[in-house]
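As structure tokens, the structure follows; a few thoughts come after it.
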């Protein structure tokens with residue numbers, strides 16, 4: 001079956017070499033081939049019932065389109081239809097008026113899938129081919145392809161469409177990453193999601209809902225559905241998706257349609273601005289949101305939503321130039337709540353490293369919410385060079401509203417960065433893939449949980465990722481010194497006179513901590529005023545750092561911080577502050593002081609640091625030997641040059 005789908009996909013793709021070359025840029029081949037593939041598949045799906053459906057719809061008269069859709073579905077069990085007397089073969093039978101005939105044919109499709117052709121920009125693409133005198137040849141080519149359900153079952157047709165999409169995106173390279181998630185990454189996400197739920201998937205009454213708020217081409221929904229169907233052929237799986245980009249929306253909706261899905265399974269819209277499924281939660285949520293996506297265009301709407309207590313964005317807002325954590329919070333809010341039967345919602349969300357440790361107020365608050373609610377089940381680090389649009393480090397967050405008892409109050413980190421194979425032919429930034437064995441290694445580590453190999457898996461508590469940033473400072477030590485420079489600094493003050501100079505000189509060598517009292521007494525004895533502002537100024541200009549002096553305090557008795565010594569010590573929430581300072585700070589800074597009352601609470605998931613394994617440096621003797629060898633080679637080269 002796989003070879004049949006590959007052969008069919010190759011035949012379809014041959015259109016590019018035969019009819020699109022020198023008319024369309026090579027990277028845009030897919031923008032023309034994919035819509036015609038969808039059109040031909042839908043045509044083949046409707047051929048047996050088209051005549052009867054056309055008569056039925058005609059008899060309904062001027063009934064509103066959405067009511068006609070309902071009537072056709074009730075009578076013929078069809079979720080879409082076409083009432084045009086034309087088809088591709090008819091259009092291709094003559095070479096006149098091909099463009100207008102094709103438009104008339106497209107207009108004959110039911111109202112509930114009209115948005116596909118608009119999002120594909122089908123009319124404009126047909127015009128391009130028509131103006132190049134290629135439209136007739138393309139229509140004729142596709143009219144001969146047998147893409148009907150009898151020849152290609154839904155899953156096989158899905159493989160064909162997937163193959164064609166891959167070929168198309170391979171031409172686009174890096175740009176494909178905007179809406180096409182690598183299938184190896186999706187398979188891993190699905191394996192983990194379903195793996196922890198397989199006990200409840202058996203039985204004829206089993207049912208699951210799957211949601212993707214950034215549906216793209218629909219791959220996550222379809223792969224998850226396929227995995228569930230393989231586990232239980234009778235399971236009732238309902239798909240839901242939302243996608244903003246028109247071209248991606250068209251691909252996703254079309255892909256679901258040609259495999260027998262509902263026309264309204266994927267809806268077009270901006271997930272951040274409007275949650276089309278606002279009143280629904282789901283069993284599984286999968287998403288690969290944009291990395292570092294600017295959300296300033298949606299800021300007003302998002303901030304209004306965030307004001308509503310308990311809403312999806314009420315837990316915190318990330319920086320305006322990176323909306324990843326908005327999607328992470330949204331996905332968490334769409335999970336079905338925990339049920340007594342052990343079920344609950346589970347999510348797999350892709351991100352770069354930023355959401356793990358971004359220290360801004362918003363991301364910290366969102367992480368704190370996820371940690372406190374015990375929603376984070378696991379975080380998996382993927383190999384680099386896994387995605388089409390970027391080669392950076394990526395992670396999959398596994399969220400769960402109803403963890404297994406042994407996983408509650410714990411978070412598993414899995415380092416899958418070493419689980420990859422070289423991709424035979426790079427596509428954009430994607431140079432590596434996770435093969436079946438690689439994915440199995442990660443799944444096995446997930447299943448083993450606390451018994452997994454610590455080289456790739458660590459199990460920690462939410463509190464392990466929380467900390468307090470405690471201000472640490474070194475208390476200054478000052479001696480009192482009179483100088484002309486000190487006098488000059490004070491001359492600009494209205495409360496300082498020439499008569500004060502003698503008073504200052506008399507205080508040289510006075511203990512600095514006693515200076516407020518000593519200066520006041522000496523000034524009064526000389527018949528001079530000594531306001532508090534002047535006392536503070538005198539203490540400042542007469543202070544000289546002296547490690548042998550006592551610890552400095554100001555006139556209010558508060559410790560004086562030494563210049564350049566105000567630091568921040570990060571203390572894990574699981575540790576006592578004083579005990580931490582005694583172990584980690586005082587041995588290296590005996591005069592250190594800290595103020596726990598001013599500590600700032602925070603959190604981070606330092607994934608790389610947790611799995612870091614230091615490498616033993618090379619012996620110096622080996623390094624010296626290499627240096628000597630290189631120096632010898634350089635000497636020989638210089639000698640050859642000088643001899644010439």
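Structure summary
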| item | result |
| --- | --- |
| Distance cut-off 25 Å, percentage of C-alpha pairs in region 1-158 lying past it | 33 percent |
| Shape call, region 182-460: gyration tensor on alpha carbons, a/c limit 1.5 | rounded |
| Order of 623, 276, 128 - criterion: other Cβ atoms within 10 Å of each residue's Cβ, fewest first | 623, 276, 128 |
| Computed lengthening from residue 84 to residue 146, 0.36 nm per intervening residue step minus Cα-Cα distance | 20.3 nm |
| Helix 98-107 axis, angle to the chain major axis (alpha carbon atoms, nearest 10°) | 70 degrees |
| Span from the region 363-391 Cα centroid across to the region 106-134 one, whole angstrom | 40 Å |
| Part-to-part distance (alpha-carbon centres) for region 521-535 and region 594-608, which is given in Å | 45 Å |
| On Cα atoms only, tilt of 515-525 relative to the major axis of the chain in degrees | 40 degrees |
| Theoretical FRET efficiency, 1/(1+(r/R0)^6), r = Cβ-Cβ of residue 556 and residue 311, R0 45 Å, to 0.05 | 0.45 |
| Cβ-based exposure ranking for 285, 98, 627, in which fewest neighbours within 10 Å come first | 627, 98, 285 |
| Label point distance in nm, residue 155-residue 352, each placed 7 Å from Cα along Cα→Cβ | 3.8 nm |
| The chain: antiparallel DSSP beta bridges as a percent of all, rounded to 5 | 65 percent |
| Rounded tilt (10° steps) of 29-46 against the dominant C-alpha axis of the chain | 50 degrees |
| Alpha-carbon centroid distance for the pair region 236-267 / region 396-410, whole angstrom | 29 Å |
| Computed [θ] at 222 nm, deg cm²/dmol, the chain (DSSP H ≥ 4; -39,500 (n - 2.57); rounded to nearest 500) | -12500 deg cm²/dmol |
| Rg followed by Dmax, in Å, when region 499-644 is reduced to its Cα trace | 28.9, 90 |
| Fewest-first ranking of 551, 46, using other Cβ atoms within 10 Å as the exposure measure | 551, 46 |
| Estimated inter-spin distance, residue 641 and residue 132, nm [label 7 Å along Cα→Cβ] | 5.5 nm |
| Among (i) 13, 32, 29, 16, 8, 2, 0; (ii) 15, 35, 24, 16, 8, 1; (iii) 19, 52, 27, 2, 0, the entry that matches P(r) over Cα pairs in 20 Å bins from 0, in percent as calculated here | (ii) |
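Every read-out reported here was derived from the displayed coordinates using simple, explicitly stated rules and does not represent laboratory data. Small disclaimer: the values here were computed from a predicted structure and weren't measured. No Cβ is skipped: glycine too gets one built from the backbone with ideal geometry, and neighbour counts run over all protein chains shown.
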